[in-house]
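No lab work stands behind these numbers, since they all come straight from the coordinates. Since we're looking at a predicted model, the values are computed, not measured. Cβ: placed from backbone, ideal geometry, glycine included. Neighbour counts: every protein chain shown.
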Amino acid sequence: MMGFFLTIEGCEGAGKTTAKKVVLQWLSAVGREFMETREPGGTPLAEQLRNLVLSEHEESVTDTAELLMVFAARSQNLSQRIEPALAEGKVVVCDRFTDATYAYQGGGRGIDEQRIAVLEQLVQGDRRPDMTLLLDVEPELGLARAKGRAIEQGGALDRIEQEAIEFFHRVRNVYLERAERFPNQYVVIDGSQPIPEVESCIIKALQTRLGSQ
Ligand code: Z5A
């Protein structure tokens, strides 16, 4: 059986975690072997890089350093976990991938898309997601949810979540532009719907793209 690379994307609080649960339950129900991971992260070293990217530092983090850290983490995750799982014919379910780099470092920070594309090619070669579920919500709604959850769990917003609202509008715009540009890859799901509706959209998308494989 061929491996399948599925990524889940969206602004903060869009419902990615909720979507991931639905995807994993569906894969178990149809008996497909899967491997679950996230970015930045997924291996011990990549998780350390994740902490560096998301935590506060005394010195300011340059946009280029942030970009290189997410790609360094990606290189580890690809070689240690993603590529081996795909070679074994598994479905890889990855919470965020390079589309997030285009959205956050490209849209949010304003790094030129071509620079990101150079690193994408260097780190990934021709590897691209087979399918991306984009949970789309207005940033105001997503951030309100993320804040609500942070309060519930007694946590705090991370370094990126503290950006101004305009940052997240730029992030969302890049995601939506990419969804238009890559219609074979993207499935856009309205994340502002009630959870049961979001779940049934996800299941329909999985049946269409993975059901016959
Ligand atoms: N980042 C980057 O900059 N560059 C890169 O290349 C990559 C990542 C790969 C970590 O990502 C950060 O890394 C991220 C981008 C950056 N920015 N930040 N910060 P992350 O995915 O680990 O963290 P996150 O974006 O902050 O995820 P999140 O806030 O956990 O979002 P979520 O998973 O989409 O949310 P959720 O947990 O599913 O839902 C949030 C709450 O809303 C929760 O209480 C739910 O019960 C509730 N919810 C969810 N769906 C609904 C619906 N439909 N109705 C009502 N309530 C709902």
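Computed from backbone phi with θ = phi - 60° and the Karplus coefficients 6.51, -1.76 and 1.60, the 3J(HN,Hα) list for the stretch 90-100 is 7, 8, 9, 10, 10, 6, 6, 7, 5, 4, 5 Hz; x is used for glycine and proline. Charge tally for Gly125 (other residues, Cβ to Cβ under 14 Å; Lys, Arg +1; Asp, Glu -1): 0. Summary of the geometry: the stretch 24-65 and the stretch 124-144, compared by the centres of their Cα atoms, lie 14 Å apart.
In this rough spin-label picture, where each label sits 7 Å from Cα along the Cβ direction, the Leu141-Glu47 distance is 3.3 nm. Counted by Cβ distance under 11 Å from Gly42, the other residues give a net charge of +1, where Lys and Arg count +1 and Asp and Glu count -1.
Helix content alone sets the calculated 222 nm mean residue ellipticity of the chain: runs of n ≥ 4 DSSP H residues at -39500 (n - 2.57) each, divided across all residues, give -16000 deg cm²/dmol.
Rg and Dmax, both from the Cα atoms of the stretch 4-210 and both in Å, are 16.3, 49.
Remark: spin-label model distance Ser28-Glu56 equals 3.8 nm, labels positioned 7 Å along the Cα→Cβ axis. Sum up the charges of everything whose Cβ sits under 10 Å from the Cβ of Leu210, counting Lys and Arg as +1 and Asp and Glu as -1, but leave Leu210 out. In short, +1.
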